[in-house]
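Taking it in order: structure first as structure tokens, then the write-up.
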Amino acid sequence: MEQELQLKPLALPGVEDKRPLVIAGPCSAETEEQVMETARQLHNLGIKIFRAGIWKPRTKPGGFEGKGVEALPWMQKVKQEFGLLTTCEVATPEHVEQALKFGIDILWIGARTTANPFSMQALADALRGTDVPVLIKNPVNPDIELWVGAIQRMNSAGIQRIAAVHRGFSSVDQKIYRNSPMWHLPIELKRRYPNLPIICDPSHIGGRRDLIAPLSQQAMDMGFEGLMIESHCNPDCAWSDAKQQVLPDVLDFILDRLVIRDNIETTESLNALRKQIDELDNMIMEVLTKRMRISREIAEYKKKHNMAVVQTGRYSEILDKRGAQGALCGMSPDFVKDIYEHIHEESVRQQMEIINK
Ligand code: PEP
Ligand code: MN
């Protein structure tokens, strides 16, 4: 039996309860000037929640790992001068302690941390007894149970003001996105926990400025509650994630153009289903591409060993096996056979190219 979540509304002071809930700010706090200037511009545009990474998880050592504790007073100043709520990533109990000491209003758990149950438990224990809102990013890998588990751990420690952040998932065959959106995963989370707000992070999904607007619109069309968008007063010179940060003015432009449909209920389910179909079609294309790549590798092998391209025994085996499998999955064996004949034909065509090279 899946653990129920005991959730309370985020109820963020000074933030209107309307879609989208917007969190904006730089990937990282770099200097006091950069933090204050970005916050000033965002505040003037009506943004209420300011994000900045204080401790930065970097894939390899030697990169900019965040200013750490030194930057926390800058966040305090943002709050005092502009009345913005502040949020930063925490990955260890020490981060939690420091962030709370400096009055950070909302904490977020990064994707690498969500993927680690030990870290999640340590953070949940560190937060026990507080009522701070916690945003939990999806784990880097597309495993919804890890995401749910992280949320459950936090909730079991008494944290009830929780939102999930959808920032996309690592995938081997990356094409357009830095992190593949795999919309079916946040949609499944929403299906299991309709009261859990979902905030989309188009900056980390897209990895590119020009993808922020379309991804934000998709998130809104899917009925998600909020957006977390990286914004910097001088994005090209950002010390981390420069390509995916936008000027506050650009952010304002993007938000302004979003179409927020009130009557989401009617279209939401259809959009969600279509999104899932698109996602699955993308997966089919990725798998087919991979299959063709391996098939070309086989051609290299056959060429080296002077073997014929088409080996009828193997071909019949594939058709029989997949036909039977298709029937078990409720599909007509002829349909599956047709598909495999086409796949095989293309595969042979590609192998011929290699053999005759
Ligand atoms: C970030 O928000 O800057 C960040 C590091 O995010 P993620 O954990 O999603 O990679
Ligand atoms: Mn970032």
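The values are calculated or read from the model by the stated rules, or taken from the named source; none is laboratory data. Computed from a prediction, not measured in an experiment: that's the story for all the values here. Using ideal geometry, Cβ is built from the backbone for each residue, glycine included, and neighbour counts are taken over all protein chains shown. Please note that ligands, DNA and RNA were not included when accessible areas were found on the heavy atoms of the full protein model with its side chains. Shrake-Rupley method; radii C 1.70, N 1.55, O 1.52, S 1.80 Å.
In this structure, the pairs whose alpha-carbon distance is over 30 Å, taken from LYS243/LYS275; LYS77/LYS243; LYS56/LYS275; LYS175/LYS304, are LYS56/LYS275; LYS175/LYS304. Report the net charge of residues surrounding ILE159, where surrounding means a beta-carbon distance below 10 angstrom and charges are Lys +1, Arg +1, Asp -1, Glu -1. Neighbour charge sum, excluding ILE159 itself: +3. Summed over qualifying helices (DSSP H, 4 residues or more, each -39500 (n - 2.57)) and divided by its residue number, the chain shows a 222 nm mean residue ellipticity of -16000 deg cm²/dmol. Taking every DSSP beta bridge that has both ends in region 21-256, the antiparallel portion is near 5%. Taking only protein heavy atoms and a 1.4 Å probe, the accessible area of the chain is 54% carbon and sulfur. Each of VAL165, SER28, SER240 was placed along the dipole of the chain (beta-carbon charges, centred on the mean Cα), and the one lying farthest toward the positive end is SER240. Take the Cα coordinates of region 280-321, assign each an equal point scatterer, and use the Debye formula without solvent to give log10 I(q)/I(0) at q = 0.22, 0.31 Å⁻¹. The calculated log intensity ratios at q = 0.22, 0.31 Å⁻¹ are -0.85, -0.98. Once the 1.4 Å probe is applied to the protein heavy atoms, region 99-147 comes out at 36 Å² accessible per residue. Dividing the radius of gyration of the alpha carbons in region 7-46 by their Kirkwood radius gives 1.07 for Rg/Rh.
For CYS329, the solvent-accessible surface with a 1.4 Å probe is about 90 Å², rounded to the nearest 10.
Projecting label points 7 angstrom from Cα along Cα→Cβ for HIS305 and GLU70 puts them 6.0 nm apart.
Sites listed here are GluC sites (Glu not before Pro) in region 1-85 whose DSSP assignment is loop and whose Cβ has at most 14 other Cβ atoms within 10 Å: GLU2, GLU4, GLU16, GLU65. Rounded to the nearest 20, the size of the Cβ-charge dipole of the chain about its Cα centre is 840 debye, with Lys and Arg at +1 and Asp and Glu at -1. Straight-distance candidates among the aspartates and glutamates for linking to LYS302, with alpha-carbon spacing under 20 Å and chain neighbours fewer than 8 residues away dropped: GLU317, GLU345, GLU346, GLU353. If a spin label sat at a point 7 angstrom from the Cα of ASP320 along the line to its beta carbon, the backbone N atoms of region 331-357 nearer than 16 Å would be those of 337. The lysines whose alpha-carbon is closer than 21 Å to the alpha-carbon of LYS8, local same-chain residues fewer than 8 away aside, are LYS18, LYS48, LYS137, LYS190. Remark: region 270-355 carries a charge dipole of roughly 320 debye about the Cα centre, counting +1 on each Lys and Arg Cβ and -1 on each Asp and Glu Cβ.
Centre-to-centre, using Cα atoms only, region 213-259 and region 57-118 are separated by 20 Å. Compactness ratio for the chain: Cα radius of gyration over 2.2 N^0.38 Å (N = residue count) comes to 1.17.
Summarising the label geometry, the points placed 7 Å from Cα in the beta-carbon direction at GLN6 and MET283 lie 3.5 nm from one another.
Remark: relative contact order (the chain) = 14 percent; criterion is Cα-Cα distance under 8 angstrom and separation of 6 or more residues.
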